[in-house]
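Below: the structure, in structure tokens.
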Amino acid sequence: MTRSADATQQAFERTLSDDVIEQYRRDGVTRIPGVISREDAARFRDAALAAQARIADHYAGSSIFNQYVNVWTQDETLRELTLNPLIAGVARQLAGVPLRLWHDHVLIKPPHNGAATEFHQDAPYWPHDNCRHALSAWIALVDVPVERGCMTFIPGTHVHRGLRAQDLSDSKDLFRVAPDLQWERRVTIPLRAGDCTFHNSYLAHTATANMTDDPRVAHVNIYIDADTVYNGSAHPVTDGLGLQIGKPLDHELFPTVPR
Ligand code: SIN
Ligand code: NI
């Protein structure tokens with residue numbers, strides 16, 4: 001283990017106290033500073049920006065962000081970040097259940113993109129049943145102040161299950177399906193490069209437009225309960241894989257997180 005990896009390991013041991021786990025489970029989000037070093041964040045940022053020329057944009061045509069899904073299968077450098085065992089270990093401690101990778105995505109908001117990522121929950125988009133816990137590690141590869149596409153969360157909203165999928169481009173859509181949430185407290189979490197938030201897949205969240213001259217680059221690892229079963233709904237990550245409805249996602253695209 002290198003000195004900086006060793007320091008990172010120690011930081012996790014310090015950070016993930018019972019208090020942090022309890023705070024995450026209550027609020028549905030927690031900020032973990034320095035999950036990777038600033039130097040590694042810059043290395044992964046460069047890899048993500050370079051990958052834009054090679055990897056298809058899943059959200060082409062939208063100004064909200066450019067979305068590159070499952071970069072770990074297409075880029076050796078970014079694979080290291082998606083399969084980072086320390087980040088997966090933090091996710092497992094927060095979730096409290098064995099996990100597997102669902103997918104990663106690199107989300108780039110170009111300079112002055114002019115569009116927020118509007119309030120939504122993540123889980124309603126996914127073809128899953130019997131998932132006890134799912135969460136995203138949203139890793140900042142550049143400094144993300146409020147003005148550069150920073151995330152805001154509505155703490156505690158992960159108790160809202162069964163809502164239909166919400167439209168990322170419609171600022172009112174979440175509040176159409178859950179009007180009371182409009183009056184709840186919001187928490188905005190700016191991040192330095194190398195910092196991370198972990199958020200529950202049912203937590204309502206949004207991100208501002210990028211109003212700066214530099215791209216906002218985030219790498220997101222999404223983990224699900226390892227025993228989650230496939231429910232057959234259409235989804236670009238699972239369509240065509242031949243998964244069996246009602247069975248776990250046992251496929252090389254969804255590796256389990258080592259214990
Ligand atoms: C964003 O980074 O703009 C949104 C990320 C998310 O919805 O999880
Ligand atoms: Ni989301």
Note: among R176, R132, R148, just one is within 22 Å of I245 (Cα to Cα) and modelled with pLDDT of 95 or more, namely R132
Sole miss for T238 among (1) assigned to a loop (DSSP other than H, G, I, E, B); (2) crowded, with 22+ Cβ neighbours inside 10 Å; (3) out of contact with any Phe, Trp or Tyr (no Cβ under 7 Å at 6 or more places or on another chain) is condition (3)
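The values are calculated or read from the model by the stated rules, or taken from the named source; none is laboratory data. Since the structure is predicted, the reported quantities are computational estimates derived from the model, not experimental observations. FYI the Cβ positions are ideal-geometry reconstructions off the backbone, even for glycines, and counts take in every protein chain you see.
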